[in-house]
Structures are given as C-alpha cells and as structure tokens.
1. What does the extension gain come out to for M39 and Q66, with contour length at 0.36 nm per residue minus their alpha carbon separation?
2. So what is the 222 nm mean residue ellipticity for the chain from helices alone, if each DSSP H run of at least 4 adds -39500 (n - 2.57) and you divide by all residues, rounding to the nearest 500 deg cm²/dmol?
3. Given +1 on the Cβ of Lys and Arg, -1 on the Cβ of Asp and Glu, and no further charges, what dipole in debye does the chain carry about its Cα centre, rounded to the nearest 20?
4. Step through the residues of the stretch 16-27 one at a time and calculate ³J(HN,Hα) from phi using the Karplus curve (6.51 cos²θ - 1.76 cosθ + 1.60, θ = phi - 60°), rounding each to whole Hz and writing x for Gly and Pro.
5. Under 16 Å between alpha carbons, and skipping anything fewer than 8 positions from K73 in its own chain: which aspartates and glutamates qualify?
6. Using a Förster distance of 41 Å, how high is the FRET efficiency between E46 and Q16, based on the Cβ-Cβ distance and rounded to 0.05?
7. Enumerate the residues in the stretch 52-92 having an amide nitrogen under 20 Å from the point lying 7 Å beyond the Cα of D99 toward its Cβ.
8. Straight-line reach from K10: which lysines have Cα under 16 Å away, leaving out those fewer than 8 places along the same chain?
Amino acid sequence: MAVDKIIVLKEGDFKQFVGESQVPVLVDFWADWCGPCKMIAPVVEEVAEEFEGKVQMAKLDVDENQEVAASLKVISIPTLILFKDGNEVERSIGFKTKDELRRIINKHL
C-alpha cells in the first residue's frame, strides 16, 4: 500500500506542514490501541492514492502528540480533520467509508 503517500506528523512540524501546504491536508488523528483507527487506516491509504497531488494525507498519533490533539479539541478517535490554507474546514469523527471520505474531500477541492 501507499504508506509513503501519508506523512506522519509530530507536534513540532504539525503547524508548519498544515499551514504551508499548497493543497488541502487531511489529518487522521489516531492511536495504536484504537480499533476503529486500524479499520480506517487502509481506507485513508486508498484515498491518499486516489487524491495524490490534490490532497495531502497525514497521520498524527494522539498519544505521542497530545498538545496538538488538545489544541484542536480532538476528543475521540479516529478524528479526520481537513485543513485548507492552514484552517480547519471539515471534521469527521469515527469510521468512514471510502465514498464518505471522497465526499468530504471533494466538497473542498
């Protein structure tokens, strides 16, 4: 799978990456112990492949990066947040199908 198409973000590079991206950024907030997070991971990978060049996909582990998660009020996971020009434009909580993810992204392209 196209894991290299998904950037792994850390607290130190989150703001700059999301703020400076020329394309919308979809960030998957997840944790290793989260079952639904593991279920949505392959869906995010497939969508990353499909939208390559149009949307940048990223993952952020909420256990390792608690400050970012707290500052964005990420309370339950998986939470997917779509950023455009550095600003949150859409948020989705829980498992989503590929079609649901496509709809969320296409609204903002």
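FYI, it's all coordinate maths here, none of it is from the lab. Computed from a prediction, not measured in an experiment: that's the story for all the values here. Cβ: placed from backbone, ideal geometry, glycine included. Neighbour counts: every protein chain shown.
1. Taking 0.36 nm per residue and subtracting the Cα distance, the gain is 7.5 nm.
2. Mean residue ellipticity at 222 nm (helix-derived): -11000 deg cm²/dmol.
3. About 420 debye.
4. Calculated HN-Hα couplings, in order: 5, 4, 5, x, 9, 5, 7, 10, x, 10, 9, 9 Hz.
5. The reachable aspartates and glutamates, counting only those whose Cα sits under 16 Å from K73, are E11, D28, D61, D63, E64, E88, E90.
6. Values: r = 27 Å, r/R0 = 0.66.
Working from the Cβ atoms, E equals 0.90.
7. So the set is 92.
8. Once the sequence-local lysines are set aside, what remains near K10 is K59.
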